[in-house]
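Everything below concerns the one structure shown next.
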Amino acid sequence: MLSLYDPVTALSGVGPKRKKLYQKLGIETVDDLLHFYPRRYDDFSHPLPLDQWQTETTGLVEGTLLKKYPPAYIRKGMVLYKGLITDGFSRCQITFFNNEYALKGMSLGESYLFSGKLVKSLSGYQMTVTTVVSKEEKETFRPIYRLTEGLPLKGVIHNIKDALTAYLPLVAEQLPPALISRYRLLPIRDALWSIHFPKDQTALAEAKRRLSFEELFFFSLALFLLKGRPKENTRIRIAACSMSPFYQSLPFSLTDCQKRSIDEILKDFSSPHPMRRLLQGDVGSGKTVVAAAACYAAAQSGYQSALMAPTEILAAQHEKTFRDMLCPLGIRICLLTGSLSQKEKAALRAGIQNGDFDVVIGTHALFQQSTLFSRLGLVITDEQHRFGVRQREALTQKGDAPHHLVMSATPIPRTLALMLYGDLDLSVLDQRPAGRKPVETFVIHSDKRTRALHFLRKQIEQGGQAYIVCPLIEEGVGELTAATRYAEELKETVFWGISVGLLHGKMSAEEKEAVMSAFSRGEISLLVATTVIEVGVDVPNANVILIENAERFGLSQLHQLRGRVGRGERESYCILLSDHDNPDTRRRLAVMRKSNDGFFIAKQDLKLRGAGDFFGEKQHGVPVLGIADLMEDSLLFQTAREEARSLLKEDPKLEKEEHRPLWEKVQHDWIQKKLWTE
């Protein structure tokens, strides 16, 4: 008896080795493989002559093989296999990287279809070939999947064809028939076949629409069920109080959105259910002040607040900021981190348990079993938006169902925020506090690097501090700068006599903390770093940042990096260095030059790169959508969301017999596997 949950080894050609490779991609069963969607398709239906291509683009040409050249051994592990083709009018040199069999299997005088990147130089056309097929074996659309090293595309295509042939009859329709009829959706089996092997663009579009709707519908059901679970009650009552003393003590005026967010939090405090709220704001939008206001209100009712930051240095930064704002108002604050001595930690924990402190700031140490609170009423987590639903709830287990505020500095569109944080209410800070200066941004080529470095030195000599960001720390990937080598080089040349520090991801937490602390204290004037500074320390004196190979970063990541400067009184600058001249790259970097608005930049980033690249594969807490696009499918999401809401209005717990399959799918595929993550 076949089952969709058979292991992939049930398919011919999948042995222990390929099974492990599939596991790296999250594929364990035949069902997983059927829902392993192509990331793109090679379209073999419209080859163009060479002279109709735009250079530096990927396209398709039909050509006859004229010549094969001897292999060129570039370095260890890199061999180029080259040939010469003609489309009947022009000639083109083709190159395969480390693919002996591609060229070896071709015959002189035969015609093939070549897909790859074309470049035109003084010596003529050159193409780096990614795919080649004979005219006889070509398919109109060839699926291209996300692979891992050692897993061949042909093998994956063969396995998926086998799975579709043998197992597709077992795939049951899970959407309600009324929805399929109302929105004229493809039957699920037709959709699965066409998403892998579409006969034309229309079939592909219909398959994607059907599968995207289903994905967004079940995702919405899962979020509504999570949010609609019987809410726990809390005995914590943070009473309404006058916020005037807090507002009057501030040396600045709050923005309207800050006031609105504080009011939303205060309203949540009066509810019989614990608050679950996301405070989302751009770099420098003033989230910390809103969090401090919430702590002030909690303290007026005799409750403690706990704020958890991801690093010790950020925790220390919060402690200083909160101390400046709250201590003059009689609020007692302490800092609990892992680097304290056992004696110091024991003393602080005793004070926390006795109620000697109103606000406790720290790292994960706050939520260890040995840390007990007297009357914990509010939990605040900073930059922990990467945690899933389970983590967010686990943080509130200290105390009697305390209120929970999550702060995030990743600005994203509201629709997307609803998708990612459907279990939380949302407050948005979309105004910049008065007096915050925009960071002037420049985009330059590497031929101006020396001039830019001397500009950094001048800023340092005038009392400022600077960052240089490199995307990699090891050599061996193209010509990208290695931060370790670069830092030494800078010390000996442009920045001789200036203290230069190095910060990268392979350093221990203690080493990173030490370097960032030294930079904060001004003992280091220039910090050469990888993106570990992306969510980093507030160093008001740092006023210039140079980002090498800027094209390697997403726009939102660049915006976060730029946010490391412009936090003090000095004029601040961001220099983006890139030699990539293709139109897409220049257009992306121009967005940074023109705008300091993180929400606008995030929208452009999502449009240009898609959500997968926007968040990164290692992002925790972000539900992995297999096929739906968070930007392109926003209208489809709204429709699916309303249908899910309507269904749950009729059957809140999906208890009706006809809804049992929906309940099982939501529980197994979404709540347990994608939203309720460990």
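Residues THR131, THR255, arranged from fewest to most other Cβ atoms within 10 angstrom of their Cβ, appear as THR131, THR255. Each label point was placed 7 Å from the Cα along the Cα-to-Cβ direction; for ASN98 and ASP447 their separation is 3.4 nm. A protection proxy built from the mean count of other Cβ atoms within 10 Å ranks the segments 336-343, 30-37, 72-79, 163-170, most packed first, as 30-37, 163-170, 336-343, 72-79. Placing unit charges on the Cβ atoms only, positive for Lys and Arg and negative for Asp and Glu, gives segment 184-308 a dipole magnitude near 320 debye about its Cα centre. A dipole drawn for segment 440-595 from +1 and -1 charges on Cβ atoms has a positive end, and of ILE524, SER508, HIS454 the residue lying farthest that way is HIS454. Across segment 244-429, Cα pairs under 8 Å and at least six residues apart give a relative contact order of 32 percent. Listing ARG210, ARG184, ARG641 from fewest to most neighbouring C-beta atoms within 10 Å gives ARG184, ARG641, ARG210. Can you compute the label reach from GLN52? Point 7 Å from Cα along the Cβ direction, backbone N cut-off under 14 Å, restricted to segment 85-125. In segment 85-125, the label zone of GLN52 (backbone N under 14 Å from the point 7 Å along Cα→Cβ) covers 87-90. Taking 7 Å steps out from each Cα toward its Cβ at ALA10 and THR128 produces label points 4.1 nm apart. When the Cα positions of TYR303, TYR37, VAL494 are compared along the charge dipole of the chain, VAL494 comes out farthest toward the positive end, with charges on each C-beta of Lys, Arg, Asp and Glu. Take the alpha carbon gyration tensor of segment 440-595, find the square roots of its eigenvalues, order them as a ≥ b ≥ c, and report rounded if a/c is under 1.5; if not, report prolate when a/b exceeds b/c, else oblate. Rounded is the answer for segment 440-595, as its axis ratio a/c remains below 1.5.
Ranked by how many other Cβ atoms sit within 10 Å of their own Cβ, fewest first, the residues LEU453, LEU503, LEU66 fall in the order LEU66, LEU453, LEU503. Just to confirm my numbers, what's the Cα centroid distance between segment 164-187 and segment 558-604 in Å? About 45 Å separates the Cα centre of segment 164-187 from the one of segment 558-604.
Which angle between 0 and 90 degrees, to the nearest 10, do you get for helix 483-492 versus the longest principal axis of the chain when only C-alpha atoms count? The answer is roughly 70 degrees. Relative contact order of the chain, taken over Cα pairs closer than 8 Å and 6 or more residues apart, is 12 percent. Given +1 at the Cβ of Lys and Arg, -1 at the Cβ of Asp and Glu and no other charges, the dipole of the chain around its Cα centre is 380 debye to the nearest 20. Taken as Cα centroids, segment 207-224 and segment 261-298 sit 32 Å apart, rounded to the nearest whole angstrom. Modelled spin-label separation between ARG587 and GLU569, with each label point placed 7 Å from Cα along the Cα-to-Cβ direction: 4.4 nm.
Read-outs: derived from the displayed coordinates by stated rules, not from any lab. Predicted model, so just to flag it, every value in this text is computed and none were measured. A quick note on method: Cβ atoms are made from the backbone with ideal geometry, for glycine too, and the neighbour counts reach across all protein chains shown.
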